1. Which whole-number value in Å² is the accessible area per residue of the stretch 2-162, probe 1.4 Å?
2. Which ³J(HN,Hα) values in Hz, rounded to whole numbers, follow from the phi angles of the stretch 97-111 under the Karplus curve 6.51 cos²θ - 1.76 cosθ + 1.60, where θ = phi - 60° and Gly and Pro get x?
3. Solvent-accessible area per residue for the stretch 184-503 at a 1.4 Å probe radius, Å²?
4. Based on the Cβ-Cβ distance from ALA14 to ALA149, what FRET efficiency comes out when R0 is 30 Å, to the nearest 0.05?
5. What part of the accessible area of the chain, given as a whole %, is carbon or sulfur when the probe is 1.4 angstrom?
6. Starting from the residue with the highest accessible area, list LYS331, LYS31 in decreasing order, probe 1.4 Å.
7. Let me have the relative contact order for the stretch 184-503, percent, based on Cα pairs under 8 Å that are six or more residues apart.
8. Along the Cα→Cβ direction, 7 angstrom out, place labels at GLU34 and GLU475. What is the inter-label distance in nm?
Amino acid sequence: MNIEVKRGEIDAVAAEVLVLGGHEDDTQVGKLAEPLDRSLGGQLQELRESGEFQGKRQQTVLLHTHGAVPPKRILLVGLGKRRENTLDHVRQAMGTAAKRVRQTGAGSFIAPLIGPDGTRATPADIAQAMVEGALLGTYRFTKYQTDLADEPKTLEAITLITQTGKHLKEARLGARRGEASAEATAFVRDLCNHPSNVMTPSRVVEEAKKVAQERGVKLTVFDRKKQKKLGMGGLLGVARGSQEPPKFIILEYSEGRKNEKPVVLVGKTVTFDSGGISLKPAENMEQMKADMTGGAEVLATVRAAARLRLRVNLVGILPATENMPSGCAIKPGDVLTMLSGKTVEVQNTDAEGRLILADGLTYASRLNPACIIDVATLTGACMVALGQFAIGMMGNDTELKGQLKKAGEQAGERVWEMPLWDEYFEQLKSDVADMRNIGGRGGGMITAAVFLSKFVGDCPWVHLDIASTDWGTTERPYIGKGPTGIGTRLLLQFLINRTDRRRK
Ligand code: BES
Ligand code: MN
Ligand code: ZN
């Protein structure tokens, strides 16, 4: 995809489609479109007056210009009420618009920067959101479809237009960030769309190798032998039931200052979660191919950080395995000795994420990190508590939590905090080991996080439970059915904010 930001007048640039946003409470064609409308003999105003275009969110109207102006077609897209407008509405409008453009068979479109009035969004934010919406709205995964006859044409180019040169540089930066963050999300969707017979832990290593070809990224992989030597009992325990060898993957991107402590990201990478001996019910089990979303997001974030050359020291850790039942699999009641030396009684083999993350977090805490963020499709309880619109957040550091909250709002991938009180540890007490891996009925998302907290020492740490958001069940403007990749843009935005702050 070719993405450009240019200076120009919207009625003067030749294009297959010109996309124009319109608000619900506007009754007039905006200032920007007035000269254009004059050339069109007042058609835009007429669409407003007749009520054919009201500016409601996701509403679209397409008109052909028959040579009256350089753009061949004009696509109006609704942004909703002006005072309710957010950056995410811009993203959504662009997702809707890009899909509609593709339906026309056009391969490209131009659009002026549309502003979410009333918010403090900069031209960079707007350009970023527009590019994200358009790219993610047209995402498809067709790898395993052999009959593509009816597939719509792919979009090849997007050009954003600013009238004044003043915003050009900023908008270009935003567009570049938008492209990187949308690409990262699409990468996660791809990784999680691949079935688990393809996307095995070994294949994840291959994907990590490709990422390590980016400038400044170093890859280390611990195989089973090394994991044994180090004592990664959590990862080895979960992997026991599988024919696929577990991998402990470490990516290091070091473009920060020399002695700057790293940000460490840890992602749950269960390439298929059958539940193990505590087998899951058959219904929807296929969705558990996406139980590696956390790891995929970490991998994609490292790649995007490298592409944007962010000034940060970053470590990505992916404990990768399948969770399968077999004659060798761990059984309820088994006790594992984790990398930290703590012992865990496995009362349910389906609570496997926390077992592999515990080793990832212990490893992370030994790197003298600035902070640790883990991201995981960890609990069904998260889905029950938050539905599909919020990521569960728990952590031990107020400032870090605040930074993630802000990044989430910017990215349109919002987090919601749950308590991480030590009282909940009562539920994790075991009669035979230091703790057990399930916390009983209440507060399943919280007890999982409390379990993880026992493996981070006193490092500033945040846990993100993305089990709520990782799988889409409905078509949304820029999020389709299946793997969503939600959380990726949040992580990248967190890093962008961090490096922007340091530059100032
Ligand atoms: N990967 C699942 C959590 C999950 C469920 C993610 C649904 C996405 C959609 C996790 O490994 C799991 O099975 N958790 C158990 C924990 C329980 C046994 C304490 C759960 O939530 O049921
Ligand atoms: Mn499980
Ligand atoms: Zn799982």
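The values are calculated or read from the model by the stated rules, or taken from the named source; none is laboratory data. Predicted model, so just to flag it, every value in this text is computed and none were measured. Quick reminder, even Gly has a Cβ in these numbers, built from the backbone with ideal geometry, and neighbours come from all protein chains shown. The accessibility values were calculated without ligands, DNA or RNA, using every heavy atom of the protein model including side chains. Shrake-Rupley method; radii C 1.70, N 1.55, O 1.52, S 1.80 Å.
1. Numbers: 7390 Å² over 161 residues.
Heavy-atom accessible area per residue stands at 46 Å².
2. Karplus values, whole Hz, x for Gly and Pro: 5, 5, 5, 5, 4, 4, 4, 6, x, 6, x, 7, 8, 10, 7.
3. Dividing the accessible area of the stretch 184-503 by its residue count gives 38 Å².
4. 0.45
5. Using a 1.4 Å probe with all protein chains present, the chain comes out at 48 percent carbon and sulfur.
6. Working: LYS331 100, LYS31 175 Å².
Ranked from most to least accessible, the order is LYS31, LYS331.
7. Computed value for the stretch 184-503: 22 percent relative contact order.
8. 3.8
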